[in-house]
Structures are given as structure tokens and as C-alpha cells.
Amino acid sequence: MDKILINTPLNDEKCKSLKAGDQVLISGEIYTARDAAHLKLVNLIRNNEALPMDFNGQIIYYAGPSPARPGAVIGACGPTTSYRMDDLTDPLLEKGLKGMIGKGDREEKVIDSMKKHTAIYFAAIGGAGALIASTIKSNTVVAFEELGPEALRRLEVVDFPAIVVIDSEGNNLYETEPDKYKK
């Protein structure tokens, strides 16, 4: 299967064109954030405070990179389990977030919000943090530096490998694929 090359930021048209099962290579800027950063972002939204970035068209990668070795841009940077962000996802989608990268299924309320806001959920290969790190060309803390590896970071990536697991119509590989392998 050919991989689809996509550049950030995303828009509705690009999101609608991607279907569950598509293999993609992402280039451009993506952001990392995990549980603690999501909570801070949602609290800023709830308090009508300024956000540290514009979420329109952006992708958040659920990752907390390890420290970089000398001369490296970043340490291992594998995905974390996404459901921990489910209660904090809708406000970011409302602010224009178009993509999320992680591992594991999402709750129905997140999928419904993805359909409403024309967003995509990608899976990255768990356990391949060192491989994924090789696609990251720059790493800048944007906000919440006190959170260490869980800070909000902007990454410049080239050919970051991912798979569309839930598309903007709600088609979900976590639901459709297991039945193919049952006897």
C-alpha cells in the first residue's frame, strides 16, 4: 500500500480525504501534549485565557519524549495511550484541532466530536519511540516547561509514519478489524 504524504496544518478537505486504514507520512509542525498539558490547556479555555498556540489545523501527538542524547534533537518519542485525554479532547477540537496521534481506541464521545469538527485520529507504532524520533528535526517547548517531558512542544517532523485509525466520518479500525481475525 502506498503511503499518503500529508503536510501540516490540516484542513477539512484533507481530513475528509483520509480514510481509516490509510498509511500516512506527516511532515510539518506537530505538537506534543499529554494528560497534564491537556488539563492546563482546557483550564485556560474554561477561564477564557489566552492559549499558548493557535490550534486551527494542528495535530497533537500524545507523547512525552525522553531527554535527548548529546547532539540529538530529541530522545525516544513513542506514543502514549490516548484514552487518558478523552475527557479533555472536545474543547481542543472546538478550538480547531484537526488531528491527534496516539495509541489505543477512543471513547464514542470523542469520535462524535471528531465527526462534528472534521478531525482525524492517527495511530503511531508503540514501542518504536527511537524510530519515530528519527523523523523529528526540531523540538521546542511552547508552554508548561515545568511539566518536563509532558510540556507542550512544537516538533518539526519529516515523514512521521502513522495510520488513520478513526477517520472524520467515524470509521474505526478498532471496531472493524478484530472481526476479520476471529475464527
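Each value in this text was obtained by applying a stated rule to the coordinates, not by laboratory testing. All values reported here derive from a predicted model rather than from experimental measurement. Every residue, glycine as well, gets a Cβ built from its backbone with ideal geometry; the counts of neighbours run over all protein chains shown.
Computed FRET efficiency, Cβ-Cβ of residue 25 and residue 45, R0 25 Å: what is it to the nearest 0.05?
0.20
Give the percent of DSSP beta bridges with both residues in the chain that are antiparallel, rounded to the nearest 5.
60 percent
For the pairs 14/40; 137/182; 103/137, flag any whose C-alpha to C-alpha distance is greater than 31 Å.
In this structure, 137/182 exceed 31 Å between Cα atoms.
Report the FRET efficiency, 1/(1 + (r/R0)^6), for residue 171 and residue 142, where r is their Cβ-Cβ distance and R0 is 41 Å, rounded to 0.05.
For residue 171 and residue 142, the calculated efficiency is 0.80.
Report the net charge of residues surrounding residue 37, where surrounding means a beta-carbon distance below 10 angstrom and charges are Lys +1, Arg +1, Asp -1, Glu -1.
The answer is +1.
Using a 10 angstrom cutoff on alpha carbons, build the Gaussian network for the chain and name the most mobile of 66, 17, 168.
With Cα springs under 10 Å in the chain, the top fluctuation among 66, 17, 168 is at 17.
Just to confirm a number: summing +1 for Lys and Arg and -1 for Asp and Glu over residues other than residue 49 whose beta-carbon lies under 14 angstrom from that of residue 49, what do you get?
Working: positive: 40, 46, 95; negative: none.
Local charge sum for residue 49: +3.
Anyone know which of 106, 34, 69 comes out most mobile in the 10 Å Cα GNM of the chain?
69
Which of 83, 62, 121 ends up with the largest GNM mean-square fluctuation for the chain, with Cα atoms connected below 10 Å?
Ranking 83, 62, 121 by mean-square fluctuation puts 83 first.
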